[in-house]
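The values are calculated or read from the model by the stated rules, or taken from the named source; none is laboratory data. These figures come from a predicted structure and were not determined experimentally. Here the Cβ positions follow ideal geometry from the backbone for every residue, glycine too, while neighbour counts run over all protein chains shown. The accessibility values were calculated without ligands, DNA or RNA, using every heavy atom of the protein model including side chains. Shrake-Rupley method; radii C 1.70, N 1.55, O 1.52, S 1.80 Å.
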Amino acid sequence: MADSVVLDPVDLDILRLLQNDARTTYRDLAAQVGVAPSTCLDRVTRLRRSGVILGHQLRLDPARMGRSLEALLSVQVRPHRRELIGPFVERIRALPESRALFHLTGPDDYLVHVAVTGTADLQRLVIDEFTSRREVARVETRLIFQQWECGPLLPPSSTPAPPSASPSPSPSVPGG
């Protein structure tokens, strides 16, 4: 497991802003966090070198790319042995329909996020690329109706506390 990196409030502000828009210029970023552009560049470079920033990605809308149906496939592999799972993982990652692949604990070994053109394409994918593999014991499919992006990733110590469920105390009344 990788060691965590100590991040100060300026680093956290930089990361928060870059997660919202990775195309922000160093000049704009520096102005927003209150440091010189050269300092901002040095900090971003340090965050990259330390592995906090892994890269930049372009997000695409699968529906506008002709893949209007997304699903999560829970896959059980049996036997769960390295010589079988290595080729399985390589093949699934290479599929153009695959968006993400997770290795899990519990009854399912993998969760695969896929984007396909429709139900017939999903059926073809499940049969031809999953259940036809000798190491795949079971596949369970869940359609994704809607997906939301969540807030920026922050270290545990800087995560804002959730709002209190209890009502705030009433203000004191003088003489009461």
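Against the list (1) closer than 26 Å to Pro152 by Cβ; (2) without any contact (Cβ under 8 Å) to a residue 24 or more places away in the chain; (3) touching an Asp or Glu at 6+ places or on another chain (Cβ under 9 Å), the condition Pro62 fails is (2). Within the range 35-56, can one find any residue that is in contact with a Cys (Cβ under 6 Å, 6 or more places away or on another chain) and open to solvent by less than 50 Å² (accessible area, probe 1.4 Å)? No, that holds for no residue. Taken together, the residues in the range 43-97 that are among the β-branched types (Val, Ile, Thr), farther than 30 Å from Val6 by Cβ and under 19 Å from the mean Cα position of the chain (by Cα) amount to 2. Taking the criterion of being open to solvent by less than 50 Å² (accessible area, probe 1.4 Å) and at pLDDT below 95, the only residue of the range 23-34 that qualifies is Thr24.
Criterion applied to Ser74, Ser50 was being small (Gly, Ala, Ser) and farther than 14 Å from Val136 by Cβ, and the one residue passing it is Ser50. Could you go through the range 89-101 and let me know if any residue there is in a helix (DSSP H, G or I), under 27 Å from Gln19 (Cα atoms) and of a type in the set (Gly, Ala, Ser). Checked against the condition, which is being in a helix (DSSP H, G or I), under 27 Å from Gln19 (Cα atoms) and of a type in the set (Gly, Ala, Ser), the range 89-101 yields at least one hit.
Within the range 102-130, the set of residues being open to solvent by less than 40 Å² (accessible area, probe 1.4 Å), closer than 17 Å to Ser68 by Cα and outside any loop (DSSP other than H, G, I, E, B) comprises Val112, His113, Val114, Ala115, Val116, Asp121, Leu122, Leu125, Val126.
When the range 131-153 is filtered for residues that are free of Cβ contacts under 8 Å to residues at least 12 places away in the same chain, open to solvent by less than 90 Å² (accessible area, probe 1.4 Å) and over 30 Å from His80 (Cα atoms), only Gly151 remains.
Scanning the range 6-22 for residues that are of a type in the set (A, V, I, L, M, F, W, C) and in contact with a helix residue (DSSP H, G or I) (Cβ under 8 Å, 6 or more places away or on another chain), which turns out surrounded by the most Cβ atoms within 10 Å (Cβ to Cβ)? It comes out as Ile14.
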